[in-house]
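So the structure is just underneath, and the comments pick up after that.
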Amino acid sequence: MKVTVVGAGAVGASCAEYIAIKDFASEVVLLDIKEGYAEGKAMDLMQTASLNGFDTTITGVTNDYSQTANSDICVITSGIPRKPGMTREELIGINAGIVKTVSSNLIEHSPNAIIIVVSNPMDTMTYLVHKSTGLPKNRIIGMGGALDSARFKYRLAEALGAPISDVDGMVIGGHSDTGMVPLTSHATRNSVRVSEFLSEERLEQVAADTKVGGATLTKLLGTSAWYAPGAAVSGLVQAIACDQKKMFPCSTLLEGEYGLEDICIGVPVILGKNGIEKIVDIPLSDAEKAHMQSSAEGVRKTNGLLEF
Ligand SMILES: NC(=O)c1ccc[n+]([C@@H]2O[C@H](COP(=O)([O-])OP(=O)(O)OC[C@H]3O[C@@H](n4cnc5c(N)ncnc54)[C@H](O)[C@@H]3O)[C@@H](O)[C@H]2O)c1
């Protein structure tokens, strides 16, 4: 199992590290445009192998796509992250060009790869990869919901005073401060709805804190977060590599599901060796349906800024 991660920055390196620590892939290639940067990150990570007990080989290359040839899974994290006060949508000008070039280079050398898009604005970048590569929809996956759901579970556990392992919940919709749809009506603590334990006001606060989860960290760190994003990507990569048939909310091209067409947005999917093997239609409350529609409008507005 060969995995390429483009962008050896904060998220790309974290993602490579988690993949290696989980020890399911034989090889991870880190590629960056900055001379020597991916090589340095790869060497540093390889020097953790004996300490962390993994056998995955991590190599770094400067913009040499021949080294990525025949990858099974390619992750795109290249591009600029947001600074405090910025929205993800503001990154489109620079990141669209990067993502378009990178995806074309990846496909040239790994025509059968499954692509995971991480660069922001992620739903629009996922749509761009669809439009520019023409790959089948099961092989293009946007990562956002897996991270947003992890942040939702963190906030739920905090509100409940419970361990995170007691909590389950999911965030669908667009990967943006206003677009996320935390499914509070479906969230549970050991199969009991969280609404049994938390007031409506507290649940609204949990949802609000979840939606600005990325912005909160960007303000604290001065750049966007990387540990949880890297871990979330590694979870998707593992589900595909190990054919786990796990359910994650991912950005995928919708063709009528959730009443939406010709848009990439986060919905629950089953991930296995073929990438997105199924889109799972779950019942939504009227408020969640309305939120999903307004979220889609926001994504379409950003998609409208794309130039093909
Ligand atoms: N989808 C999500 O949930 C999520 C979460 C966090 C970050 N992000 C996004 O991921 C992206 C990366 O964030 P980061 O914090 O790792 O940024 P970073 O600046 O630390 O790393 C980005 C790397 O991309 C490289 N790069 C730029 N252009 C390139 C090109 N053409 N080819 C190869 N490499 C290139 C840069 O040299 C840099 O090392 C950002 O767009 C950020 O907004 C998404």
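The values are calculated or read from the model by the stated rules, or taken from the named source; none is laboratory data. None of these values were measured; they are calculated from a predicted model. No Cβ is skipped: glycine too gets one built from the backbone with ideal geometry, and neighbour counts run over all protein chains shown. With ligands, DNA and RNA removed, areas are computed over all heavy atoms of the protein, side chains included. Shrake-Rupley method; radii C 1.70, N 1.55, O 1.52, S 1.80 Å.
Details
- Against the numbered list (1) open to solvent by 50 Å² or more (accessible area, probe 1.4 Å); (2) part of a strand (DSSP E or B), I21 comes up short only at (2).
- Residue among L135, L147 that is under 18 Å from D262 (Cα atoms) and among the hydrophobic types (A, V, I, L, M, F, W, C): L135
Condition check ((1) open to solvent by 40 Å² or more (accessible area, probe 1.4 Å); (2) within 16 Å of V118 (Cα to Cα); (3) not hydroxyl-bearing (S, T, Y)) across all residues:
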| site | (1), (2), (3) |
| --- | --- |
| S251 | no, yes, no |
| L260 | no, no, yes |
| I263 | no, no, yes |
| V269 | no, no, yes |
| G275 | no, yes, yes |
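- The residues listed here are Q238, Q205; of these, the one that is more than 14 Å from the ligand (Cβ to nearest atom) and open to solvent by 60 Å² or more (accessible area, probe 1.4 Å) is Q205.
- Within the range 277-288, restricting attention to residues that are in contact (Cβ under 8 Å) with a residue 24 or more places away in the chain and not in a loop (DSSP other than H, G, I, E, B), the residue that is least open to solvent (accessible area, probe 1.4 Å) is E288.
- Looking only at the range 39-57, and only at residues there that are of a type outside the set (S, T, Y) and open to solvent by 60 Å² or more (accessible area, probe 1.4 Å), the one that is farthest from A16 (Cα to Cα): L51
- A228 vs. criteria part of a helix (DSSP H, G or I) and either free of Cβ contacts under 8 Å to residues at least 12 places away in the same chain or open to solvent by 50 Å² or more (accessible area, probe 1.4 Å) (or both): no
- Candidates are the residues of the range 1-11 that are aliphatic (A, V, I, L, M) and more than 8 Å from the ligand (Cβ to nearest atom); the one that is most open to solvent (accessible area, probe 1.4 Å) is M1.
- Positions within the range 67-97 being in a loop (DSSP other than H, G, I, E, B) and touching a strand residue (DSSP E or B) at 6+ places or on another chain (Cβ under 6 Å), in sequence order: S71, D72, S78
- Residue in the range 12-20 that is within 9 Å of the ligand (Cβ to nearest atom), of a type in the set (A, V, I, L, M) and out of contact with any Ser or Thr (no Cβ under 8 Å at 6 or more places or on another chain) present: yes
- When residues of the range 24-44 are limited to those that are assigned to a helix (DSSP H, G or I) and either within 11 Å of the ligand (Cβ to nearest atom) or of a type outside the set (D, E, K, R) (or both), the one farthest from V102 (Cα to Cα): M43
- Which listed residue is at pLDDT 95 or above, in contact with a His (Cβ under 9 Å, 6 or more places away or on another chain) and of a type outside the set (F, W, Y), from K153, K211, K137, K131: K137
- From T87, T57, T48, residue being hydroxyl-bearing (S, T, Y), touching a residue at least 60 places away in the same chain (Cβ under 8 Å) and either over 15 Å from V117 (Cα atoms) or assigned by TED's automatic domain parsing to the domain that holds D123 (or both): T87
- Scanning the range 214-230 for residues that are touching an Asp or Glu at 6+ places or on another chain (Cβ under 8 Å) and within 10 Å of the ligand (Cβ to nearest atom) yields G214, G230.
- Pick from the range 136-191, criterion of a type in the set (S, T, Y) and over 16 Å from S285 (Cβ atoms), ranking: surrounded by the fewest Cβ atoms within 10 Å (Cβ to Cβ): S191
- Apart from one condition, M122 fits all of (1) without any contact (Cβ under 8 Å) to a residue 40 or more places away in the chain; (2) among the aliphatic types (A, V, I, L, M); (3) closer than 24 Å to K273 by Cβ; the exception is (1).
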